[in-house]
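Contents: one structure, followed by commentary.
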Amino acid sequence: MSKNETTACRRPDIGGQAVMEGVMMKAPDAIAISVRRPNGDIVTKRSTYVSPDQKHKWMGWPIVRGVVNFVSMLSMGMSTLQDSTDMLGLLDEEPTRFEKWLAKKLGKGIDKIVMGTAIVLAVLLSVGLFFVIPELVARGLKALMPDPAMNWLINLLSGIVRICILVAYILFCSTVPDVRRTFEYHGAEHKTVYCNENDLPLTPENAQQFTTLHPRCGTSFLLIVFVISIVLFTLVGYQGTNYFLRLGSRLLLLPFVAGISYEVLKGLAHSSGKLVNILRWPGMQMQRLTTKEPTKELLEVAIVSMNVALYGLPEGCPKTSEGYTIIRDYRVTDPNYVPETVEETAENE
């Protein structure tokens, strides 16, 4: 197996997420978010993390853990995006009259309410795009092919519609410059994760040699979800002509789809062989839409997040007025880093 395709990890799995001008990394016991501000400084924050299965053992059961992970990642993803926006310091302008009115009426809970509203809207959009529309297509196909023996074909075609909608949605988003920039940070996240998994020193040069395609990526997970949904909807979903019963049965099966898909993703990510490579190939190729090659500067941000998540915040660094740690040299986040002396700096120059 080539170095770019290595998935056997001697270290715990580190997950990540591209955010606004930065990267979030999640270690087993901590989460770090780092962003690069317009002045070139990297600002970072770290918070402790306790996995759901440590709080409730049953949340770590197979299938169940996939559902729990799906819900927690959705919530964490939205809050992380909000945190990264705040850390950039671009929204410090005077609140509008409407924002002041909301703050007065809702008090300190306004951020939670806004975040909750955003999550609800995101879920509704997802349901509309990936369930309502495909089931309308399936309804039309059902009218054209009423024979129950054709149910498998109808479910297959509606599943293909879901995948086409996903691809079209990603392609549309990639036309937005800020989103494309986020895709570059997504690539930086993957390269840095690979570098850590291969026990190499975390430097931009070491990370750059790896591919931007990673078997544990959420993009691969989405594709697996759509494939598993075709199978489950065909085997146990409602196959009648009532549109609302079809839609309802699909929504009820979604937790099982997420749970099974999670187990499949983990299994493929930590296995090897020709069959495994064939099975995960479509998801890996899908990532070509959501990851782009990062620059050295972007990799530095991802490395800061990785180091801070694993080893904590470095000592002696300045703080912003909000309390974020300022990193002017990514190397200081490496616990083994030894600053150069004045003489060594002069020699290198």
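The values are calculated or read from the model by the stated rules, or taken from the named source; none is laboratory data. Bear in mind that the values here come from a model prediction, so they are computed numbers and not experimental data. Please note: Cβ atoms are built from the backbone with ideal geometry, for glycine as well, and neighbour counts cover all protein chains shown.
The set of residues in the stretch 286-335 being of a type in the set (D, E, K, R) and within 28 Å of C217 (Cβ to Cβ) consists of R288, K292, E293, K296, E297, E300, R331, D334.
The set of residues from the stretch 178-204 being among the hydrophobic types (A, V, I, L, M, F, W, C), part of a helix (DSSP H, G or I) and at pLDDT 95 or above comprises F183, A188, V193, C195.
Give G237, G248 a once-over and let me know the one that is among the small types (G, A, S), more than 30 Å from E205 (Cα to Cα), at pLDDT below 95 and in a helix (DSSP H, G or I).
Going through G237, G248 in turn, the sole match is G248.
With respect to the conditions (1) buried (at least 18 other Cβ atoms within 10 Å of the Cβ); (2) part of a helix (DSSP H, G or I), A168 falls short on a single one, namely (1). Filtering the stretch 253-309 to residues that are in contact with a helix residue (DSSP H, G or I) (Cβ under 6 Å, 6 or more places away or on another chain), part of a helix (DSSP H, G or I) and within 30 Å of I326 (Cβ to Cβ) leaves K296, L298, L299, E300, A302, I303, V304, M306, N307, V308. Within the stretch 40-52, one or more residues are of a type outside the set (D, E) and part of a helix (DSSP H, G or I). So which residues in the stretch 201-256 are of a type in the set (V, I, T) and either without any contact (Cβ under 8 Å) to a residue 60 or more places away in the chain or over 23 Å from N277 (Cβ atoms) (or both), if there are any at all? Of everything in the stretch 201-256, those that are of a type in the set (V, I, T) and either without any contact (Cβ under 8 Å) to a residue 60 or more places away in the chain or over 23 Å from N277 (Cβ atoms) (or both) turn out to be T203, I224, V225, I228, V231, T234, V236, T241. Within the option set T212, T175, being part of a loop (DSSP other than H, G, I, E, B), polar (S, T, N, Q), more than 17 Å from L81 (Cα to Cα) and in contact with a Lys or Arg (Cβ under 7 Å, 6 or more places away or on another chain) holds for one residue only, T212.
Close contacts from the stretch 168-193, counting a first residue that is touching a residue at least 24 places away in the same chain (Cβ under 8 Å) and within 23 Å of I303 (Cβ to Cβ) and a second that is among the small types (G, A, S) and in a loop (DSSP other than H, G, I, E, B), with Cβ to Cβ under 8 Å and a gap of 6+ residues or different chains, come to R180/S174; F183/S174. Report whether or not I63 is at pLDDT 90 or above and touching a Ser or Thr at 6+ places or on another chain (Cβ under 9 Å). Against the criterion (at pLDDT 90 or above and touching a Ser or Thr at 6+ places or on another chain (Cβ under 9 Å)), I63 does not qualify.
Taking the numbered list (1) more than 28 Å from E21 (Cβ to Cβ); (2) modelled with pLDDT of 90 or more in turn, D53 passes all entries but (2). Remark: pairs (first residue in the stretch 268-289, farther than 28 Å from T182 by Cβ and of a type outside the set (V, I, T); second residue part of a loop (DSSP other than H, G, I, E, B) and at pLDDT below 95; Cβ separation under 8 Å; 6+ apart in sequence or on different chains) = S271/T7; S272/M1; S272/T7; S272/A8. Whenever a residue of the stretch 71-90 is hydrophobic (A, V, I, L, M, F, W, C), its partners that are assigned to a helix (DSSP H, G or I), lying with C-beta atoms within less than 8 angstrom and at least six residues away or across chains, give the pairs M73/G218; L74/I119; L74/A122; L74/V123; M78/M115; M78/A118; M78/I119; M78/A122. Restricting to the stretch 16-30, name every residue that is surrounded by fewer than 22 Cβ atoms within 10 Å (Cβ to Cβ) and in a strand (DSSP E or B). Within the stretch 16-30, K26, A30 meet the criteria.
For the stretch 198-214, a tally of residues being under 18 Å from K26 (Cα atoms) and surrounded by fewer than 22 Cβ atoms within 10 Å (Cβ to Cβ) returns 3. The sole residue among A138, A122 that is more than 30 Å from K296 (Cα to Cα) and surrounded by 20 or more Cβ atoms within 10 Å (Cβ to Cβ) is A138.
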